[in-house]
1. Only helical DSSP H runs with n ≥ 4 go in: add -39500 (n - 2.57) per run for the chain, normalise by residue count and round the 222 nm mean residue ellipticity to 500 deg cm²/dmol.
2. Contact order normalised by length for segment 1-51, with contacts defined as Cα pairs under 8 Å and 6 or more residues apart; what percent is it?
3. At 7 Å along the Cα-to-beta-carbon direction for both Met1 and Ile15, put a label point, then send me their distance in nm to one decimal.
Amino acid sequence: MPVLLVQIALIIILIRSAYRVVQYFQSSSPNWLEAAFHVSVGIISLWFLLDMP
């Protein structure tokens with residue numbers, strides 16, 4: 001049960017990070033530091049998600 005909850009949380013984090021990156025790039029002057037931060041959060045959450053047993 002706890003593993004399932006962590007997987008769901010990581011999926012939500014990944015989706016939200018991807019959504020925020022798309023929003024940053026659609027704005028007229030994207031904040032590159034925020035976009036890079038959300039890309040890195042998405043990469044880390046994907047890495048944890050794929051590394052789980």
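1. That calculation yields -29500 deg cm²/dmol at 222 nm.
2. With pairs under 8 Å counted, the relative contact order is 48 percent.
3. 2.3 nm
Throughout, read-outs are computed from the coordinates displayed, never taken from laboratory work. What you are looking at is a predicted structure, and each value in this text was computed from that prediction instead of being measured. Glycine also receives a Cβ, built like all others from the backbone with ideal geometry; neighbour counts cover every protein chain displayed.
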